[in-house]
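The values are calculated or read from the model by the stated rules, or taken from the named source; none is laboratory data. As the structure is a computational prediction, the values presented were derived from the model and not from experiment. Note that we place each Cβ from the backbone using ideal geometry, even for glycine, and neighbour counts take in every protein chain shown.
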Amino acid sequence: MSMPSAPSRSHYSAPAKFLHWLMALMLFGLLGLGFYMQGLSLSPQKLQLYSWHKWAGVTVFLLAVVRLAWRAGHTPPALPAHMNTLERLGARLGHFALYVLMFAIPLSGWLMSSAKGIQTVWFGVLPLPDLLEKNKEIGNALQTLHAVLNLTLIAVLLAHVAGALKHHWFDKDDVLTRMLPRRA
C-alpha cells in the first residue's frame, strides 16, 4: 500500500474539488427532493421521484467510495497554523461525520427499501439485490433511522458551511478558497 502523497500546494487537487462540489450538489439536491417527496400524495409522480432519489443515493454511495479512495492517496492541504486545538478537532470530526453520513444515509435508504419490499434499480436499468428480507417493522425502523441521519447531515453541513465562511470572512485565511475552482 502506498503512502498518501505529501501536500505540495495550498489548494486541493482538481479531482478532490470536483468530487467535493459534485457531492455537495447531489447531497443538497437529495435533501431537497427527500423533503419535497414527503409532502406528496401517492401518485405515479411520487413513485418516479422516489426512484430517482434512490438511484441518486446509490450514486452518492459510489462517489463516496471514489472520494474516500482519492483522499486515502492524496493528503489534503494542512490546516492553517493559527487554528487552535478545538478548531482542529472540530474540523476533523466534521469531515469524519460527513464521510460516515455519505455512506450511512444511502445504505440506510437501500436497507429500508429492501425491508419494505421495494427494489432499488440504479438508473432504472440495474436492479440491485435486496439487502434484507421484507419486514414492515424493520422497514419502519430504518425509515426513522434514514430520517434521523438526514437531519444529522443537515446539521453537519450547516456547521461545515458556517466554518468555511467563518474562516473566509473573520479569520481571513484560505480554508474556503483552497476548495474553490481556480480562476484564470
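Any idea which residue in the stretch 1-53 is modelled with the lowest pLDDT, counting only those that are within 30 Å of A69 (Cα to Cα) and in contact with a Lys or Arg (Cβ under 7 Å, 6 or more places away or on another chain)? Looking at residues that are within 30 Å of A69 (Cα to Cα) and in contact with a Lys or Arg (Cβ under 7 Å, 6 or more places away or on another chain), I get S10. Each residue in the stretch 132-184 was checked for being under 22 Å from the mean Cα position of the chain (by Cα) and not in a helix (DSSP H, G or I), and 4 pass. From the residues in the stretch 70-127 that are among the β-branched types (V, I, T) and assigned to a helix (DSSP H, G or I), which one is surrounded by the most Cβ atoms within 10 Å (Cβ to Cβ)? Out of the qualifying residues, it is I105. Figure legend. Inter-residue proximity from the stretch 152-178: first residues under 23 Å from L31 (Cβ atoms) and hydroxyl-bearing (S, T, Y), second residues at pLDDT 95 or above and part of a helix (DSSP H, G or I), beta-carbon distance below 7 Å, spacing 6+ or different chains. Indicated pairs: T152/L101. In the stretch 27-53, of all residues being among the hydrophobic types (A, V, I, L, M, F, W, C) and under 18 Å from L151 (Cβ atoms), the one that is farthest from the chain's Cα centre (by Cα) corresponds to M37. Scanning the stretch 130-162 for residues that are of a type in the set (S, T, Y) and surrounded by 14 or more Cβ atoms within 10 Å (Cβ to Cβ) turns up just one, T152.
In the stretch 34-51, is there at least one residue being touching a residue at least 24 places away in the same chain (Cβ under 8 Å), part of a helix (DSSP H, G or I) and touching a Leu at 6+ places or on another chain (Cβ under 8 Å)? No - not one qualifying residue is present in the stretch 34-51.
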